Amino acid sequence: MTENHPPVTGDLEAILLVGGQGTRLRPMTLGVPKPLLPTAGVPFLAHQLARARAFGVRRIVFATSYRASMFCEAFGDGSAYGLSLEYMTEEQPLGTGGAIRNAAEALTSPPDAPVLVLNGDILSGHDIGDQVRTHVARGAAVTLHLTEVEDPSRFGCVPTDETGRVTAFLEKTPNPVTNRINAGCYVFTRSVIDTIPYGRVVSVERETFPGLIEAGELVLGYADRSYWLDVGTPAAFVQGSRDLVLGRLASPALPGPTGEHLVLPGAQVSPEAKISGGSVVGARAVVESGANVSGSVLGDGCVISSGATVIDSVIGTGARVATGAVIRDAVVGDGAVVGPGNELLAGTRLWPGVALPECAIRFSSDT
């Protein structure tokens, strides 16, 4: 399932912010940057790159920091995606604004051109092309994608006036004035990026955007109610992969049809196993008879033994889940072993290489 949108005219350039360490996702990110984690069968960023290409983006500058070399190893020059990719690395993390300014050194756009800025940990179904066209038509300095959430107190909220002009950036508060928050996708006029101080830490949320508002520049909000998800936690990561497999968010990068499961090449799944809920079975993984896997991400080469249960969880590369073990809302690190009779529930995280003996961790009494 793919989406058809009119592309933006011209050769649109973008900056992709991928410098974070992904600490909320550990142990998944101990060896791999968050944007490269396998998500619905491909690296997370593959979905963003494919969507950007569908909206007319032709050249993307990666703003890298943590494990920077791994991005070039994964995506190369971008030709496989129909894109031209460049890589700019921060020796020391520079914050969102500093990273944008550093990456802008590799842009080729003229001063009046729109430049798309994407965060490397967001899944979004909004119409990027319409956001860019709105930015150009209104002559804005920057146009922010805004999304509505049920609990805006967990985020900074972004009020706008009746014309869509952003009037303030408000930090987390127990009594938010709006349920619209910064959704992490921006369109800058190139010349505005060039005003961000170079070579030092800058936050666009706390410094750049408020400064533009105070100076009377047009900071525009592009609000919609399309699919949006920050995949910064294990539960959200699992949800994102699940939603892509189920087709709740269309992605041109999905390596197979949407449905209850996605089984990658070389995997062995017993006909007597139950795989459902948008689960991914990694390459060369083994799921034995009587195993029940729902809404989960199974890494390459892992083994889910007969009678094991894995629900809404991540099982790392090469990990093993023994007979009778129950994994629910948990992360099992690469190469870890969950012995028979263990129960890992409610946000448990098992570090890579750890081996749990039989019935080492339980949340219920033995029966």
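The values are calculated or read from the model by the stated rules, or taken from the named source; none is laboratory data. This one's a predicted model, so the numbers in the text were calculated from it and none came from an experiment. Backbone-built Cβ (ideal geometry, glycine too); neighbour counts: all protein chains shown. For the accessible areas, the whole protein counts, side chains as well, though only heavy atoms, and no ligand, DNA or RNA atoms are used. Shrake-Rupley method; radii C 1.70, N 1.55, O 1.52, S 1.80 Å.
Looking across segment 95-114, the residues that are under 20 Å from the mean Cα position of the chain (by Cα) and either modelled with pLDDT of 95 or more or not hydroxyl-bearing (Ser, Thr, Tyr) (or both) come down to GLY95, GLY97, ALA99, ILE100, ALA103. Looking across segment 327-357, just one residue is open to solvent by 40 Å² or more (accessible area, probe 1.4 Å), within 16 Å of GLY295 (Cα to Cα) and either of a type in the set (Val, Ile, Thr) or assigned to a strand (DSSP E or B) (or both), and that is ARG328.
Selection over segment 273-289 of residues that are closer than 19 Å to PRO255 by Cβ and outside any strand (DSSP E or B) gives a count of 6. Take the conditions (1) farther than 23 Å from GLY216 by Cβ; (2) in contact with a helix residue (DSSP H, G or I) (Cβ under 8 Å, 6 or more places away or on another chain); (3) without any contact (Cβ under 8 Å) to a residue 60 or more places away in the chain; PRO152 misses just one of them, which is (2).
When ASN175, ASN119, ASN102, ASN179 are checked against the criterion of being without any contact (Cβ under 8 Å) to a residue 24 or more places away in the chain and farther than 18 Å from ASP11 by Cα, a single residue qualifies: ASN175.
What pairs come out if I take residues in segment 291-302 that are more than 17 Å from THR317 (Cα to Cα) and pair them with residues that are part of a loop (DSSP other than H, G, I, E, B) and of a type in the set (A, V, I, L, M) whose C-beta lies under 8 Å away, six or more apart or interchain? Cβ pairs passing all conditions: ALA291/ALA273; ALA291/ALA308; ASN292/ALA273; ASN292/ALA308. If we keep just the residues of segment 275-297 that are touching a Gly at 6+ places or on another chain (Cβ under 6 Å) and open to solvent by 20 Å² or more (accessible area, probe 1.4 Å), which is farthest from ILE327 (Cα to Cα)? Selected residue: ARG284. Given the condition open to solvent by 50 Å² or more (accessible area, probe 1.4 Å), assigned to a helix (DSSP H, G or I) and within 30 Å of ALA336 (Cα to Cα), answer yes or no: does some residue in segment 9-28 qualify? There is at least one residue in segment 9-28 that is open to solvent by 50 Å² or more (accessible area, probe 1.4 Å), assigned to a helix (DSSP H, G or I) and within 30 Å of ALA336 (Cα to Cα).
When each of VAL132, VAL142 is tested for being surrounded by 16 or more Cβ atoms within 10 Å (Cβ to Cβ) and in contact with a helix residue (DSSP H, G or I) (Cβ under 7 Å, 6 or more places away or on another chain), the lone residue that passes is VAL142. Taken over segment 149-169, the criterion of being in a strand (DSSP E or B) and open to solvent by 60 Å² or more (accessible area, probe 1.4 Å) is satisfied by ARG165 alone.
For segment 85-108, filtered to residues that are of a type in the set (D, E, K, R) and out of contact with any helix residue (DSSP H, G or I) (no Cβ under 6 Å at 6 or more places or on another chain), the residue that is most open to solvent (accessible area, probe 1.4 Å) is GLU91.
Quick grid of which residues meet (1) surrounded by fewer than 16 Cβ atoms within 10 Å (Cβ to Cβ); (2) more than 20 Å from GLY316 (Cα to Cα):
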position	(1), (2)
ARG225	yes, yes
TRP228	no, yes
THR233	yes, no
LEU249	no, yes
GLU260	yes, yes
LEU264	no, no
GLN268	yes, no
ALA273	no, no
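Restricting attention to segment 298-326, which residues are assigned to a strand (DSSP E or B), farther than 21 Å from LYS34 by Cβ and either in contact with a Cys (Cβ under 6 Å, 6 or more places away or on another chain) or open to solvent by less than 10 Å² (accessible area, probe 1.4 Å) (or both)? The answer is ILE304, VAL310, VAL321.
Can you tell me which of (1) outside any loop (DSSP other than H, G, I, E, B); (2) on the phi > 0 side of the Ramachandran plot is the one GLY216 doesn't meet? Looking at each condition in turn, GLY216 falls short on (1).
With respect to the conditions (1) at pLDDT below 95; (2) over 24 Å from ALA50 (Cα atoms), GLN268 falls short on a single one, namely (1). Under 21 Å from VAL132 (Cα atoms) and of a type in the set (S, T, N, Q): does that describe ASN175? When the stated conditions are applied, ASN175 does not pass them.
Looking across segment 132-148 at every residue that is in a strand (DSSP E or B) and of a type in the set (Ser, Thr, Tyr), the one that is nearest to the chain's Cα centre (by Cα) is identified as THR147.
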